[in-house]
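Peer 1: Structure in structure tokens, see below.
Every read-out reported here was derived from the displayed coordinates using simple, explicitly stated rules and does not represent laboratory data. From a predicted model like this one, the values you see are computed outputs, not experimental measurements. Counting neighbours? That spans all protein chains shown, and the Cβs are built from the backbone with ideal geometry, glycine included.
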Amino acid sequence: MRFLTAHLCHLEGMHASRYSAPAGETCSGRTHSGWTGLRAYFRLLPMLTLTVGCHGIIGSGEGPTGGPSPDGVPSLDAPNQAQPNQPGGPTGPPSTVGMLPPPPPGCDQEATPAAPLRRLTRWEYDNTVLDLLGDASQPGTGFIPEATHFGFDNSASGAVLSPVVVEQYESAAQALVARAKANLPALLNCDVVTQGEDACANQFIDSFFKRAYRRPLEASERQRLVDFYQVSKSSADFETAISMLVSVGVQSPKFLYRLEFGMPSPTQAGSVELSSWELASRISYLLIGSMPDTELLSAAEQGLLSTPQQLLGQAQRLLDSERGARVVQNFYRQWTHLDKVGELKRSAASFTDAIPGLLQRETETFVDQVIRKGDGQLATLLTAPFSFMNQELASYYGVDQPPMGDKFVRVELDPARYSGLLTHAGLMAQFAHDEQPSAVARGVFVREQLLCTELPSPPANVDATLPEPDPGATAREQLTQKTSAGPCNGCHAAINPLGFAFEHFDQLGRHRTTDGDLAINSSGELTGTDVDGPFVDHIGLAQQLSKSEMVRSCVVTNWFRYAHGREEAPSDNCTTQQLTQAFSQSGGNIKQLILSITQTRAFKYRGATMQGAQL
Amino acid sequence: MTRILKLSRRAVLRGAGGLAVGLPLLDAMAPPTAVAQAAARPKRLVIMYTCNGKVLNTWTPGEFGPNYTVSRTLKPLDTPALRPHLTVLSGLQMQAAIDRGGNGHNGGMTSMLTGLQSQANWGGGISIDQHIAQSLRAERPAGSLPSLELGIDSKKQYNSAYAYMSYSAAGSANAVAADDTPLNAYMRAFSNVVVPMPTADQADARARLEREILARKSVLDFVQEDFKSISGRLGADDQARLDQHATLLRDLEGRLSVGGAACTLPQQPAAASNFPAVGQAQMDIISSAFACDVTRVATLQWAAAQSDTDHKEWAPGSDGRHHIMSHGAQPTQGMPPAQGDVGGNNEKLTRINTWYASQLAYLATALSKIDDGGGQTGLDNTAILWVTEVSEGPNHKFTDMPWLLVGGLGGALKKGEHIDVKGRNNNDLFITLGQAMGLPNFTTFGDPAYCTGPIAQLMA
């Protein structure tokens, strides 16, 4: 019976797997991953107890509210506020920005989990060839998409390897090489006439492959490349030989994979410390989604990535650079399923073809302005009474005094109606049908993405079709009637109220005051969390969630998975506990959380393999 | 409709890097060359997938044997040319998926072509299409592709195991992706196919292409050495991943050669705008690739497990989300239609699947236009297997799988009957297909526990 109950989460077609299914399967596979995360959480909140109403939804309890949380709604700092470029730089209290508290007792003995081999994602590939070759053609957008595991496309296990993937690398290499060849002098940065072809080629091999492989060449591999160049040149010509080197550079495993062999001798049993070059790549791909820049490579070369402060300084520099925006946006694009917004179609005339793109841009701008350029607070993300719009989008929202022109600027919104990211029209419209909003989809989003709850799959034999529209009943009443029967109620009692909270937003994502001719009831009760209690509407719900330790823990879980390309393992507990504590102590500062990931054991070490340990 | 075989006025030589060189059409190109004919009518396999099961009482013919009445869903295949090739299966099951349990779409999708229980929700081992493709390696022409995996919106809604049915080995890393872009698929199949070139100009063009290919192979060779040089320094899982990448590079290098086949190249596909147009372009590539013998195995994946494609624009009267409607329908088996059809969903689903049957008819017709010589057509020497991951939507069962075959694999398979296989597993169907393809010593596939051997009723 419980199985049936759980599966009714499928109503309205909202399926847990849509959000982050690693394997398209929520009943079995994801549940494991979920419990791993929850286990870590329960270590922090031991008083929480499990109950089983809907399989996967954790139970009620008097959780601590923990940690300081901001009163009211913080306002954004001015963009690009002056921040001294120093380690542990200042973004408000505590003064040790991004620094972590000491690890819990016993953590030194804990083995570091294996770090599975990661391949560049399509997005990372495009960023990297842009930085490496100045080629902005984005060949990766045409590659076979990665599978989404643990909510993100950058997991090691999601890097599906098919014949066509390898072929796409090869054809992309040809296209990149053809363009590079057209501007060979710029690529070589060497005067062939005065210095000679071979001298230029030698110089090119050193400089190019250090950047392509993100480390200097070893003598033997350098010799192989020189030999390859000579043979290519003798059978073709100089330009072709250089082109072939570039083609090698973008197809080698040393380019496509984030190889982490570690330092020759492990400093601790079971763990291998990463080399400074490998750390440079970790920092770089986490903070700018691309290869290390000149300064970071230089720091790696000079051994200036050995202390926590040095790592933090580089991380902060990169996150504050303009390219840091693309990482924050890449994360939240996936977390909010923003790509789906781009495909939205609504029959309403006001939902013009331009609207989906503007909605995406709103969310991208907002998350960057809050996290990188604003106060960085989770509470601001969830409750801010402002957003960023241009004239057209502001008109779509019905903002009283819309800005003029195409430029996206900050727009103040009615705090009684709007609540940060949660009420972005893109998010609200995404979780809706053509003719009415979907309370189930919205509730599932809150449970899965904010509370990291694993929701199970539906059973086969449910009628998942929508009720026929009834002018005499609100959508809430109809859905409640349909899902309140015995087996349905288990899941839907936990999901529906969190969706009903957003009944003030229609299927176009816009605020409304009535559902047809009927009054809206958006009140409900939050259950199964550390901040349980009644709420009047979405504003109240967002306030509760913004104070929740469970939500903060979920944010940490998500950023951990994004940063490491894998699910957290039991031996990551030290790392996740440290991060969670620091995140709470910062009042939920997401920017600091991102930076402090570089301060953890899991970031600086990888688990030793038999082979690795012998090196 | 069969524009694939319409002779283009200019055969297009596609070289490395997308360079195209127009060449005059030669009279000698139209029929298969003597060499191709001597290769004795290659046997070919297509696996076509559509999602969310079928409505059994509009799918299943009423009678068994050769004189069955074609069901409503399969009407588009009820033509004088195709009906003799149409073999409808009843009583087929997927024991691996039954034993796996859990969510039907995932279990079905992963066991469907592997005959294995899933591992961590991904396929538990190699799928039949990849196995046969690899087994045919020795007899395929040099430079040809082991297989073509083509899709239509295969990763649009889900980017997970729902979107994969083919595997080269167990696990997500070995899932074989379908390519949803016809132009990419075209380039894969035909980029190195060169027509005979007697004149000096053409010889120059050929020499140029040969130089380019030599350089590409040289790079691939070097990169494979790179893989070797880092071997043994990572853990077993990581090493396996790198090894597979290196193997794929070796395969790619091995088939880069000028003149993979002699045939008339099809038109390069235009950018296709919607679901049916992409599907047609992909089917055109399959039939052309078979005609040119640049591959002998193809998969065609329409959407993905549990997809909610709305087919109303091309299948009138089927408005709604495919997967959701399949849940809102009612099981039909053993029930009169009036009781089994709730909210019109069974009718809509039937219209969807009838539309897919018309797509299969398009592909089969195209294959029937291939001249294999000796009075045989491409369809005579092909088996198209149409599969789906669950039987009926409402109950997700894995018995009574509504699968069918079109074509006879050169006389090895019985054709034109409705056959009750009486509870045999998909494993045994794959053994049957493998033996009919001529694979030696092919007695098990997938989990041997689910195998009993070829299905005698299906063998000619």
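Peer 1: Pop out the ³J(HN,Hα) list for the stretch B:120-137 in order, Karplus 6.51 cos²θ - 1.76 cosθ + 1.60 with θ = phi - 60°, rounded to Hz; leave Gly and Pro as x.
Peer 2: Along the stretch B:120-137, the couplings run 6, 6, 10, x, x, x, 5, 9, 5, 5, 6, 5, 5, 4, 5, 5, 8, 3 Hz.
Peer 1: Longer than 24 Å from Cα to Cα, which of B:LYS312/B:LYS414; A:LYS340/B:LYS312; A:LYS373/A:LYS547 are they? Say none if no pair is.
Peer 2: B:LYS312/B:LYS414
Peer 1: Okay, next question. How big is the Rg/Rh ratio for the stretch A:503-615, C-alpha atoms only, Rh by Kirkwood, two decimals?
Peer 2: Rg/Rh: 1.18.
Peer 1: Hey, got a sec? Which trypsin sites (Lys or Arg not before Pro) in the stretch A:302-366 land in a DSSP loop and have at most 13 other Cβ atoms within 10 Å?
Peer 2: A:LYS345
Peer 1: Can you give the average number of partner chain beta-carbon atoms within 10 Å of each beta-carbon in peptide B:390-396, as a whole number?
Peer 2: Counting other chains' Cβ atoms within 10 Å and averaging over B:390-396 gives 2.
Peer 1: Based on the Cβ-Cβ distance of B:MET459 and B:ASP237, what FRET efficiency does E = 1/(1 + (r/R0)^6) give at R0 = 51 Å, to the nearest 0.05?
Peer 2: It comes to 0.80.
Peer 1: Work the Kirkwood hydrodynamic radius out for the stretch A:138-249: mean of 1/r over every pair of different alpha-carbon atoms, inverted, in Å.
Peer 2: For the stretch A:138-249, the Kirkwood estimate is 15.8 Å.
Peer 1: While we're here: Which aspartates and glutamates does B:LYS369 reach when only Cα atoms under 18 Å apart count, and residues fewer than 8 places away in its own chain are ignored?
Peer 2: Output for B:LYS369: B:ASP78, B:ASP284, B:ASP293, B:ASP380.
Peer 1: A follow-up question, please. How crowded by other chains is A:173-180, given as the mean number of beta carbons from other chains within 10 Å of each beta carbon?
Peer 2: 3
Peer 1: Lysines within cross-link reach of A:LYS254: Cα-Cα under 26 Å, excluding same-chain residues under 8 positions apart?
Peer 2: Straight-distance partners of A:LYS254: A:LYS181, A:LYS210, A:LYS233, A:LYS604, B:LYS217, B:LYS228.
Peer 1: Starting with the highest mean, order B:421-430, A:295-304 by the number of other Cβ atoms within 10 Å, averaged over the residues of each peptide.
Peer 2: Ranked by mean Cβ neighbours within 10 Å, highest first: B:421-430, A:295-304.
Peer 1: Also, quick follow-up: With θ taken as phi - 60° and the coefficients 6.51, -1.76 and 1.60, list the Karplus ³J(HN,Hα) couplings across the stretch B:434-442 in order, rounded to whole Hz; mark glycine and proline as x.
Peer 2: Coupling constants for the stretch B:434-442: x, 5, 5, 6, x, 6, x, 6, 9 Hz.
Peer 1: Please turn the phi angles of the stretch A:425-439 into ³J(HN,Hα) values with the Karplus equation 6.51 cos²θ - 1.76 cosθ + 1.60 (θ = phi - 60°), one per residue in order, whole Hz, x for glycine and proline.
Peer 2: 4, x, 5, 5, 6, 5, 9, 7, 9, 4, 10, 7, x, 10, 5
Peer 1: Using Cα pairs under 8 angstrom and six or more residues apart, how large is the relative contact order of the stretch B:204-308, in percent?
Peer 2: Contact order relative to length: 24 percent.
Peer 1: Another question, then. Kindly rank A:446-454, A:562-570 from highest to lowest mean number of other beta carbons found within 10 Å of each residue.
Peer 2: With the highest mean Cβ count within 10 Å placed first, the list reads A:446-454, A:562-570.
Peer 1: Give the aspartates and glutamates reachable from B:LYS75 as a straight Cα distance under 16 Å; neighbours fewer than 8 places away on the same chain don't count.
Peer 2: Once the sequence-local aspartates and glutamates are set aside, what remains near B:LYS75 is B:GLU63, B:GLU347, B:GLU417.
Peer 1: Another question, if that's okay. For an R0 of 41 angstrom, estimate the FRET efficiency from the Cβ-Cβ distance between A:ASP198 and B:GLN268 and round to the nearest 0.05.
Peer 2: 0.50
Peer 1: What residues qualify as long-range amide H neighbours of B:LEU300, i.e. H under 5 Å apart, gap of 5 or more or another chain, H built at 1.01 Å from N?
Peer 2: Excluding prolines and chain starts, which carry no amide H, the hits are B:ILE47, B:MET48, B:TYR49, B:LEU150.
Peer 1: Taking only the C-alpha atoms, wrap a convex hull around the stretch B:266-306 and report its volume per residue in Å³ as a whole number.
Peer 2: That works out to 67 Å³ per residue.
Peer 1: Hey, rough spin-label estimate for A:LYS210 and B:ASP310, points 7 angstrom out along Cα→Cβ, what's it come to in nanometres?
Peer 2: With each label point 7 Å from Cα toward Cβ, the separation is 5.7 nm.
Peer 1: Modelled label-to-label distance, A:ASP191 and A:ASP470, 7 Å Cα→beta-carbon offset: nm?
Peer 2: Result for the modelled spin labels: 8.6 nm.
Peer 1: Given contacts defined as C-alpha pairs under 8 Å and at least six residues apart, what's the relative contact order of the stretch A:276-324, whole-number percent?
Peer 2: 42
Peer 1: Hey, another quick one. Could you calculate the FRET efficiency of A:ARG417 with A:LEU130 from 1/(1 + (r/R0)^6), where r is the beta carbon distance between them and R0 is 35 Å, rounded to 0.05?
Peer 2: 0.30
Peer 1: Report, as a whole number in µm² per second, the diffusion coefficient that Stokes-Einstein gives for the stretch B:71-196 at 25 °C and 0.890 mPa s using the Kirkwood radius over alpha carbon pairs.
Peer 2: Diffusion coefficient, whole number: 146 µm²/s.
Peer 1: Please report the relative contact order for the stretch A:120-183, taking Cα pairs under 8 Å with a sequence separation of at least 6, and give it as a percent rounded to a whole number.
Peer 2: 27
Peer 1: Per residue of B:237-247, what is the mean number of Cβ atoms on other protein chains within 10 angstrom of that residue's Cβ?
Peer 2: Counting Cβ atoms of other protein chains within 10 Å of each residue's Cβ and averaging gives 5.
Peer 1: Using all Cα-Cα distances in the stretch A:341-429, what percent lands in each 10 angstrom bin from 0 up to the longest?
Peer 2: Values per bin, smallest distances first: 18, 53, 28, 2.
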